[in-house]
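To start, the structure under review is shown below, and the notes come after it.
The values are calculated or read from the model by the stated rules, or taken from the named source; none is laboratory data. What you are looking at is a predicted structure, and each value in this text was computed from that prediction instead of being measured. Here the Cβ positions follow ideal geometry from the backbone for every residue, glycine too, while neighbour counts run over all protein chains shown.
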Amino acid sequence: MNRAYFSSRWQSISARLLDMVYPPSCELCEAPLVGGRYLCEDCRRKLPRVATPFCQKCGEMFEGNISTAFLCPNCTDLDYAFSFARPVLLSSDAARHLVHIFKYGRAIHLARELALLAAEAFDDPRLQRALAEKWTLVPVPLHWARKQHRHFNQSEEIARHLGEILGLPMIPVLNRVRATPTQTNLSRKQRLQNLRGAIQISARGRRWIEGGKAQGVILIDDVFTTGATVQECAEILRKNLPENIVVVTVVRG
Ligand SMILES: [Zn+2]
Ligand SMILES: [Zn+2]
């Protein structure tokens, strides 16, 4: 058995092993797929999108007719540390399934599909400046213990692929230094209290800030629910950076 034979044989075996772990089929309808895709065009198109009219701060859609820029009732009283959040998908069963299986089912192969969806946010005219000036993608951090359990930080994986798709730098500027209990059943105020002091600038982030080339930050997370997590991240960043901070998420929870 020569070496070339062994190498190509090994490659085909490992490709088959990967196919066994992650069968190349649509995550939603199980249609067979090729080319490393895990969402078919039909299912992808059918995922309900956040579309105008939506809140200029949090992306919450407005039911009805309104033609001017508006803030939802939640956002009129809130002072965010970021300019705006731009989610792409509405919280449908399919969108929730994709995020859930990605995060809790260790389905890391879905990262690129979620990033391709998140990339649609950049059709928003408000994000053209971030693209032109090559702002840095910053993933919402995950505590190391939780990362060890999940095997990866979902936001970082989405941000990494998004960086490749859009040609933007991705730097994990933030660290979660304290594990926080799950936020699922907490109000926004409780979430903010829960997060206090849990997030800090990482050593890499510190070097990046001191380098003085930071133009702006695009915070990346899988879901925007109350905005408490990205708010805490943006507050930490705002103490260290000029004001250009925006948020992009795959889903509006
Ligand atoms: Zn499908
Ligand atoms: Zn809002």
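So here's what we get for this one:
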{"read-out": "Failed item in (1) in contact (Cβ under 8 Å) with a residue 40 or more places away in the chain; (2) assigned to a loop (DSSP other than H, G, I, E, B), with residue 68 passing the rest", "value": "(1)"}
{"read-out": "Selected residue (criterion: nearest to ligand 1 (Cβ to nearest atom)) from residues of the range 27-54 that are more than 20 Å from residue 251 (Cβ to Cβ) and assigned to a loop (DSSP other than H, G, I, E, B)", "value": "31"}
{"read-out": "Extreme residue, farthest from residue 127 (Cα to Cα), among residues of the range 55-65 that are part of a loop (DSSP other than H, G, I, E, B) and in contact (Cβ under 8 Å) with a residue 40 or more places away in the chain", "value": "60"}
{"read-out": "The lone exception for residue 173 - which of (1) among the β-branched types (Val, Ile, Thr); (2) surrounded by 20 or more Cβ atoms within 10 Å (Cβ to Cβ); (3) under 27 Å from residue 26 (Cα atoms) it fails", "value": "(3)"}
{"read-out": "Residue ID - surrounded by the most Cβ atoms within 10 Å (Cβ to Cβ), chosen from residues in the range 55-73 that are near ligand 2 (Cβ under 8 Å from one of its atoms) and within 22 Å of the chain's Cα centre (by Cα)", "value": "59"}
{"read-out": "Filtered residue count, the range 196-253, keeping only those that are within 20 Å of the chain's Cα centre (by Cα), more than 18 Å from residue 135 (Cα to Cα) and basic (Lys, Arg)", "value": "1"}
{"read-out": "Every residue from the range 75-98 that is surrounded by fewer than 21 Cβ atoms within 10 Å (Cβ to Cβ) and under 18 Å from residue 28 (Cα atoms)", "value": "90, 91, 92, 93, 94, 96, 97"}
{"read-out": "Options 183, 215; residue that is within 25 Å of residue 125 (Cβ to Cβ), modelled with pLDDT under 90, surrounded by 13 or more Cβ atoms within 10 Å (Cβ to Cβ) and not small (Gly, Ala, Ser)", "value": "215"}
{"read-out": "Complete set of residues in the range 168-187 that are of a type in the set (A, V, I, L, M, F, W, C) and touching a helix residue (DSSP H, G or I) at 6+ places or on another chain (Cβ under 9 Å)", "value": "168, 170, 171, 173, 174, 179, 186"}
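A quick yes/no check of all residues on (1) farther than 25 Å from residue 130 by Cα; (2) not hydrophobic (A, V, I, L, M, F, W, C):
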residue: 26; (1), (2): yes, no
residue: 31; (1), (2): yes, no
residue: 34; (1), (2): yes, no
residue: 40; (1), (2): yes, no
residue: 53; (1), (2): no, yes
residue: 65; (1), (2): yes, yes
residue: 69; (1), (2): no, no
residue: 81; (1), (2): no, no
residue: 90; (1), (2): no, no
